[in-house]
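Only one structure is covered here, and it is reproduced in the block below.
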Amino acid sequence: MDFNMKKLASDAGIFFTRAVQFTEEKFGQAEKTELDAHFENLLARADSTKNWTERILRQTEVLLQPNPSARVEEFLYEKLDRKVPSRVTNGELLAQYMAEAASELGPNTPYGKTLMKVSEAEKRLGAAERDFIHTASLSFLTPLRNFLEGDWKTISKERRLLQNRRLDLDACKARLKKAKAAEAKATCEGDTVPDFQETRPRNYILSASASALWNDEVDKAEQELRAAQTEFDRQAEVTRLLLEGISSAHVNHLRCLHEFVKSQTTYYAQCYRHMLDLQKQLGSSQGAIFPGTFVGTTEPASPPLSSTSPTTTAATMPVVPTGAGLAPPEEAALCLEEVAPPASGTRKARVLYDYEAADSSELALLADELITVYSLPGMDPDWLIGERGNKKGKVPVTYLELLS
Amino acid sequence: MNIMDFNVKKLAADAGTFLSRAVQFTEEKLGQAEKTELDAHLENLLSKAECTKVWTEKIMKQTEVLLQPNPNARIEEFVYEKLDRKAPSRINNPELLGQYMIDAGTEFGPGTAYGNALIKCGETQKRIGTADRELIQTSALNFLTPLRNFIEGDYKTIAKERKLLQNKRLDLDAAKTRLKKAKAAETKSSSEQELRITQSEFDRQAEITRLLLEGISSTHAHHLRCLNDFVEAQMTYYAQCYQYMLDLQKQLGSFPSNYVSNNNQTSGTPVPYTLSNTIGPSAVASTGSLVITCPPNLSDLKDSSSTRKARVLYDYDAANSTELSLLADEVITVFSVVGMDSDWLMGERGNQKGKVPITYLELLN
């Protein structure tokens, strides 16, 4: 009980002393030991490293998993110390939908076949993405997180200790100064006392004892100061060594950055290869697909018209233009496609609604007409350049249905 | 007064028609009335159109998710679209990461190895962000918009005509039922005439619907071209990003020389001298862990292609003979095996080899 009480009182005293010192510093009533410039630089560098490492870590996490709900879910699993279930990536889900769509729409039709091939490629892209996320997390995010939760915490702890040591040191300095002032004052009083004849014996005794008392106080304060200075110097050295370790942290992070770059390069290289394979597959079947598609589209169109009875023809009059309207643009587009392959960059578009040009830089449009369009670098993404014969001008994208 | 009569008369007629259809529909459900079956070809066309609509919608939705995985951003874009306003150009994730890396590199010092590498990586991430934005824009324009136009345009027309066809068929079957029930000759003649009229209307509507449904083939051809455009956009995106990463790796290729430079700087630190003089036991442990994380030899870095060094963070007892026991703070060689659980790696210590949990390791080189 005595031990605990004594220790508690001692700690309270120390805490109080530090608080007093800190407060007096804020009010400018006490001197503060300044750290040397090199040390201050190290501290600033450590803070900077910590802040930016944290930001880069967070943003890389967002890059790898843009869905905040999924990130929250992963965080919870991590806290619960359970393994995160392997989630299907967006690319893989799209691939699955395309594959199922192909099965239902007919795997032997041109559209179905292409959907199947694209589905395979998307699945591979999804798998590559998953690998990339896993590798990047392992080689880049984990080391950064370990630094923040390990080394940085150690540095923070030692910095706090250093702050406490400095407060103790400055408190001792303040105490010593007060003791010396008191001693000097006591000495002066001792010198003046002998002048009073009638009270000489008693005053002499008092002044002597006071002087001795203050002398002891000064000695004690000096001793405490030396101890505090030693503690402070040692703590400063420890902290400085830890802070200089930031250089090796930078080297380590540099290596992790290289790993991240490598995994990202691997990811894009894989995706690029998958897309090349897909284009080869689509290119090889392109020639076979188009004539079939064209013939298939044209053939059913003619029989229904000829088979229409005279009675139905008259009644159907208002609707026939709509039905006929569907085929000609497609047919025209297909013919154009075969006769003159589209120039690189330009393409055909069908106008959906009438549009009046607002100024001379725009092109007026009529519903259902076909025009050639292309985009220019730096142009507003809502507009394209449209051409009709010799006329040229800006056209709004929302009024068009791109064809070829 | 005439206007009033006209309105009331029309209202009564419509109500009568509606009632007839409802009665016919109910009797069909209860099995008390015959139902005119559509021919097999038309049924096939209808199911094909339905199938096309369903899958087009799913593919469109999932492509949107693929291009913009953040649901909050998708909702925001949807709201802007409904308000008929242009969505503000948002910095995407790679661009933001690039910005952070560049700022961090600038603050760490462009002259330092890490700062320099960060700035280069940051610039590349920004370019990838630009490519990402272009992919989204091109895919939305060439792939998503046509699919959406089909669902909101052509398919709506088909759905409307299908509904009309359904109504005509109900009228036809109601007329047939009425004819069957007719007794008097005069009533029978009237019913027969009505039947002919409804039959003609039904046939006409069936023809119209069939023509629209056969347009699905051209829709497929159109979607096929859009799909090719999407593939091309993705191709362009990955080719660009791959090129950017190759360029970046070339720029960072000078890593070994920087590494040597840092190694010299590290070896210059007077750690051994000060350690023995002033640092206490706990400080030695803390500093020791930092010292141990100092970079290994350059030869190790060069030699290891698929293997790498790892420092053990905590003790680990092997649960079976396929695992390797670990001691905290030791350094082992690890590599990954194809098909292995992603939480484990193969670890080697001298002749001993076994599985090790990733969470117990800190990968080094």
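The values are calculated or read from the model by the stated rules, or taken from the named source; none is laboratory data. Bear in mind the structure is a predicted one, so any value in this text is a computation, not a measurement. So basically every Cβ, Gly included, is an ideal-geometry build from the backbone, and we count neighbours across all protein chains shown. Accessible surface is based on the protein model in full, side chains and every heavy atom, while ligands, DNA and RNA are left aside. Shrake-Rupley method; radii C 1.70, N 1.55, O 1.52, S 1.80 Å.
Worth pointing out:
- From the options A:213, A:305, A:206, residue that is within 30 Å of residue A:112 (Cα to Cα), open to solvent by 60 Å² or more (accessible area, probe 1.4 Å) and modelled with pLDDT under 85: A:305
- Within region A:369-396, being open to solvent by 60 Å² or more (accessible area, probe 1.4 Å) and polar (S, T, N, Q) holds for A:375, A:390.
- For region A:335-361, a residue qualifies if it is modelled with pLDDT under 80, open to solvent by less than 70 Å² (accessible area, probe 1.4 Å) and small (Gly, Ala, Ser), and the qualifying residues are A:340, A:343, A:345.
- Entry remark, region A:58-93: residues being more than 10 Å from chain B (Cβ to nearest Cβ) and open to solvent by less than 20 Å² (accessible area, probe 1.4 Å) number 0 in total.
- The residue pairs whose first member lies in region A:377-396 and is aliphatic (A, V, I, L, M), whose second member is surrounded by fewer than 17 Cβ atoms within 10 Å (Cβ to Cβ) and not in a strand (DSSP E or B), and whose beta carbons are closer than 8 Å, counting only pairs six or more residues apart or on different chains, are A:385/A:376; A:385/A:379.
- Residue that is surrounded by fewer than 21 Cβ atoms within 10 Å (Cβ to Cβ), within 14 Å of another protein chain (Cβ to nearest Cβ), part of a helix (DSSP H, G or I) and in contact (Cβ under 8 Å) with a residue 12 or more places away in the chain, where the choices are B:219, B:177, B:198: B:198
- Unique residue being within 13 Å of chain A (Cβ to nearest Cβ) and modelled with pLDDT of 85 or more when the list is B:313, B:326, B:301: B:313
- Test for residue B:193: is it surrounded by fewer than 16 Cβ atoms within 10 Å (Cβ to Cβ), among the polar types (S, T, N, Q), under 39 Å from the mean Cα position of the chain (by Cα) and more than 10 Å from every other protein chain (Cβ to nearest Cβ): no
- Exactly one residue out of A:31, A:24 is over 22 Å from residue A:148 (Cβ atoms) and not in a helix (DSSP H, G or I): that is A:31.
- Inspection of region B:211-220 identifies at least one residue that is of a type outside the set (Lys, Arg), over 30 Å from residue B:140 (Cβ atoms), in contact with a Gly (Cβ under 9 Å, 6 or more places away or on another chain) and in the same structural domain as residue B:153 (by the TED database).
- Hits in region A:139-167 - residues which are without any contact (Cβ under 8 Å) to a residue 60 or more places away in the chain and either among the small types (Gly, Ala, Ser) or in contact with a His (Cβ under 8 Å, 6 or more places away or on another chain) (or both): A:150, A:156
- Of residues in region A:346-404 being touching a Ser or Thr at 6+ places or on another chain (Cβ under 6 Å) and within 11 Å of chain B (Cβ to nearest Cβ), the one farthest from residue B:230 (Cα to Cα): A:384
- Options B:239, B:233; residue that is under 21 Å from the mean Cα position of the chain (by Cα) and closer than 23 Å to residue B:58 by Cβ: B:233
- Residue in region A:21-41 that is within 13 Å of chain B (Cβ to nearest Cβ) and at negative phi present: yes
- Positions within region A:235-273 being within 8 Å of chain B (Cβ to nearest Cβ), in contact (Cβ under 8 Å) with a residue 24 or more places away in the chain and farther than 22 Å from residue B:116 by Cβ, in sequence order: A:238, A:242, A:271
- Against the test of being in a helix (DSSP H, G or I), surrounded by fewer than 18 Cβ atoms within 10 Å (Cβ to Cβ) and either at pLDDT below 90 or within 35 Å of the chain's Cα centre (by Cα) (or both), the options A:138, A:115, A:161 yield a single qualifying residue, A:161.
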